[in-house]
Amino acid sequence: MGTPVIELRGVTTIYEGERIPAIHEIDLVVERGEFLALIGPNGVGKTTLLETINGLLDHKAGAVRLFGLDVRREGHRLRRRIGYIPQAVSFPELTPFLVRDVVLMARFGRIGLIHRPRAADYRAVERALELVGSAALARRPIGKLSGGQQQKVMLARAMAKEPELLLLDEPFSNLDFVAREEIASTIVRLHEELGLTTLIVLHDLKGLPPCCQRVVLMRAGRIFRDGCPDEVLDPLILAAAYQ
Amino acid sequence: MLLGIFSSTLVGAILAGWSCGLVGAFVVRLNLSSLGFTMSHAAFAGAALGLLLDWDPLLLASLFSLAVAGALGPAAERAKLEPNVIIGITFPLTMALGLIFLRFAPGTALSSTALGLLWGSVLGVTEMELLELAFLSGAMVVLIALFFKEFLAILLDMKLAREAGLNPRPFYYAILFLTGMTVALSLKLIGGLLVFALMINPAATAFQFLHDMKKIILFSPLIGAGAAALGLLGSFAFDLPVGSAIALVSTAGFGLAVALSPKRRRG
């Protein structure tokens, strides 16, 4: 087995001005190609854990390594290799950005200061939009799209980085049934076709994709259970976590 | 002589309109209007202090304006202060300080120079001040062109910019710095009370018609320069204070844009 994609050892994150850690002494190792779902009640620290993993939140204690590199030191560089959909992204109607620009911006970090996007960057944007079936939306203003279409654009944005790791924070929130099914099947397809290591935060357990091999259940800022779906989704275990 | 004053003032107005319009696109998109408003009044207080101490008003206006950017920028960025609170506290403070400084300034208390700081003056815009405005306009264009994609990314969303692997903070502070400098250098021509209108109206007008931030960044300074030039002509034609005339023209432009905006039409 090679270097883990994600490796957390004793990680604690505390928000500024607070005393109680949002996540506490988390140990988690995710290997290349895994599809892992992170579940748990509201406020247990799922989003905090995701943002700690990609370095958007600084951790107070422990070590976070991605691809064997320390997130605290290499955060900017590492984030260029991670596709990420933040929780509840929604662009208001008058947001003055076109879809293709929103997707292209995901590559700005890797393009480097002063340099302009090149043909390869525009090709990556086209490919990413095609991958999620949104190529026709490229020249539309992002704010004019429905919630489901915006979420697909965010998925395209994540894929435009040609990522080695996909972090998805409740990608189905605020979506109707049809949009939810569409995005779920796109995520599963991306994982199966590209073997992409995927960590998805889910609020609703019905959204658990069939390709999910591992479920991490959180309770009160800690990992409560970590195992295969059949094991973790036992009604007694869930009742203990959600009570 | 009169033609010389007019042409140099016209150049100054166009440069101020251009700079205010350019920086205004960022201020409007990043919701920094309250900060720009506060900066413009801080610049007025600084310039008034300059008159009192017989120091360069422009230098003190710049320092006051940048001090506001330095103090309130981080607060606004972290959303620890609501925009209304920023205005509510700092606007009366800076206006009060400005008026007190003017009250004790040597010579006639509310001399034409002092009043010019409030609503702009066509007279006395020196060659050096024109050069400073020209340098600022040029420097802004170069800086924004060089780091266009970084600025564009933070205009979409600071968090998404970080997520893309950028470090948005230096660019956010660059916007604050440029806003402070633009306010300070436009102060003499447009006036502390009205420079804010020239910053917000052109950008707000461009936002009515365009869906693409890149185009808004391109058109907002053009609208600003146009409004400043038209306002200046109006001020000469109807013997109005320059700043007031420019503010009226830019506000009329915005009103027209709202009325005609395709974004507001219901399909």
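Measuring heavy-atom accessible area with a 1.4 angstrom probe and counting protein chains only, the residues of region B:152-179 that give up at least 30 Å² relative to the chain alone are B:152, B:156, B:159, B:160, B:162, B:163, B:164, B:165, B:166. FRET efficiency for the residue B:141 to residue A:136 pair, using the beta carbon distance and R₀ = 60 Å, is estimated at 0.95. Computed over chain B with a Gaussian network model linking Cα atoms closer than 10 Å, the most mobile of B:53, B:133, B:185 is B:53. Expressed as a whole percent, the accessible surface of region A:136-180 that belongs to carbon and sulfur atoms is 52, based on a 1.4 Å probe. The long axis of helix B:213-238 is offset from the longest Cα principal axis of chain B by roughly 20 degrees.
What's the Kirkwood radius of chain A in Å, using all Cα pairs?
Working: mean 1/r = 0.0540 Å⁻¹.
Computed over chain A, the radius equals 18.5 Å.
Within the listed set B:70, B:24, B:191, the Gaussian network model of chain B (springs between alpha-carbon atoms below 10 Å) gives the highest mean-square fluctuation for B:70.
Share of region A:87-133's accessible area from carbon and sulfur, percent, 1.4 Å? If you can, show how the numbers build up before the last one.
Working: 1230 of 2310 Å².
Its accessible area is 53 percent carbon and sulfur atoms.
For region A:28-137, the mean projected area of the C-alpha convex hull, equal to one quarter of the hull surface, is 9.6 nm².
In percent, rounded to a whole number, the relative contact order of chain A is 27, using alpha-carbon pairs under 8 Å and six or more apart.
Taking every DSSP beta bridge that has both residues in the protein assembly as shown, what percent is antiparallel when rounded to the nearest 5? The partial results should precede the final answer.
Working: 18 of 35 bridges.
Around 50 percent antiparallel, to the nearest 5.
Shape analysis of the protein assembly as shown based on the Cα gyration tensor places the equivalent ellipsoid semi-axes at 51, 24, 19 Å, largest first.
Quick one: buried accessible area between B and A, total over both chains, 1.4 angstrom probe, nearest 100 Å²? Don't skip to the answer; put the middle values down first.
Details: alone 12850 and 12290 Å², together 22350 Å².
Buried area between the two chains comes out at roughly 2800 Å².
Residue separation times 0.36 nm, minus the C-alpha to C-alpha distance between residue A:19 and residue A:32: what's the value? Each step should come with its number before you reach the end.
Numbers: separation 13, 0.36 × 13 = 4.68 nm, distance 3.47 nm.
Value of the extension gain: 1.2 nm.
Accessible area of residue A:154 (1.4 Å probe, protein heavy atoms only, ligands and nucleic acids ignored): about 0 Å². For region A:49-141, the list of GluC sites (Glu not before Pro) that fall in a loop by DSSP and count at most 10 other C-beta atoms within 10 angstrom reads A:93.
Taking 10 °C and 1.306 mPa s as the conditions, I'd like the Stokes-Einstein D for region B:23-75 in µm²/s, using the Kirkwood hydrodynamic radius from alpha carbon pairs.
Once the numbers are plugged in, D ends up at 141 µm²/s.
The portion of the accessible surface of region B:2-254 made up by carbon and sulfur, rounded to a whole percent, is 75 (1.4 Å probe; DNA, RNA and ligands excluded). Across region A:219-229, computed HN-Hα scalar couplings (Karplus, 6.51 cos²θ - 1.76 cosθ + 1.60, θ = phi - 60°) run 8, 6, x, 10, 7, 8, 9, 9, x, 6, x Hz from first to last residue, x flagging Gly and Pro.
Kindly flag which residue pairs out of A:152/B:215; A:60/A:206; B:214/B:263 have an alpha-carbon separation exceeding 27 Å in this structure. Please report the intermediate quantities before stating the final value.
Values: A:152/B:215 25 Å; A:60/A:206 34 Å; B:214/B:263 17 Å.
Correct reply: A:60/A:206.
Taking chymotrypsin sites (Phe, Trp or Tyr not before Pro) across region A:1-70, the ones in a DSSP loop with at most 15 further Cβ atoms lying within 10 angstrom of their Cβ are A:15.
Which whole-number percent gives the relative contact order of region A:1-93, counting Cα pairs below 8 Å spaced six or more residues apart? Relative contact order comes out at 32 percent. When the helices of chain A are scored as -39500 (n - 2.57) per DSSP H run of n ≥ 4 and the total is divided over every residue, the value at 222 nm lands at -10000 deg cm²/dmol. Shown for region A:61-88: residues covered by the partner protein chains by 10 Å² or more of accessible area relative to the chain by itself (probe radius 1.4 Å), namely A:76, A:79, A:80, A:84, A:86. Residues of region A:160-180 with backbone nitrogen within less than 17 Å of a virtual label 7 Å along the Cα-to-Cβ line of residue A:203, please, listed as ranges. Backbone N within reach: A:168-180. Taking amide hydrogens as placed 1.01 Å from N in the peptide plane, the amide H of residue A:145 sits under 5 Å from that of no residue at least 5 positions away in sequence or on another chain. Computed from Cα positions, the angle between helix B:83-104 and the longest principal axis of chain B comes to roughly 20 degrees. Of all segments of chain B bounded by trypsin sites (Lys or Arg not before Pro) found in a DSSP loop with no more than 15 other C-beta atoms within 10 Å, the longest spans B:81-264. With runs of 4+ DSSP H residues as the only contributors, calculate the mean residue ellipticity of chain B at 222 nm using -39,500 (n - 2.57) per run, divided by the residue total and rounded to the nearest 500. Estimated from H runs of four or more residues: -27500 deg cm²/dmol. Rounded to two decimals, the Cα-based Rg/Rh of region B:132-212, with Kirkwood Rh, is 1.01. Applying 1/(1 + (r/R0)^6) with R0 = 35 Å to the Cβ-Cβ distance of residue A:88 and residue B:252, what FRET efficiency is obtained, to the nearest 0.05? Here the calculated transfer efficiency is 0.30. With both labels modelled 7 Å from their Cα along Cα-to-Cβ, the residue B:131 to residue B:218 distance reads 3.3 nm.
Residues of region A:94-108 whose accessible area, computed with a 1.4 Å probe over protein heavy atoms, drops by at least 50 Å² once all protein chains are present relative to their chain alone are A:94, A:96, A:97, A:105, A:108. Mind pulling the angle between the C-alpha long axis of helix B:169-190 and the longest principal axis of chain B? Nearest 10 degrees, somewhere in 0 to 90. Tilt relative to chain B: about 30 degrees. Once the 1.4 Å probe is applied to the protein heavy atoms, region A:89-163 comes out at 41 Å² accessible per residue. Restricted to Cα atoms, region A:89-163 shows a radius of gyration and a Dmax of 11.7, 34 angstrom.
The values are calculated or read from the model by the stated rules, or taken from the named source; none is laboratory data. Everything numeric in this text was worked out from a predicted model, so none of it was measured. Ideal geometry is used to build each Cβ from the backbone, glycine not excepted, and the neighbour counts take in all protein chains shown. For accessibility, only protein heavy atoms count, side chains too; no ligands or nucleic acids. Shrake-Rupley method; radii C 1.70, N 1.55, O 1.52, S 1.80 Å.
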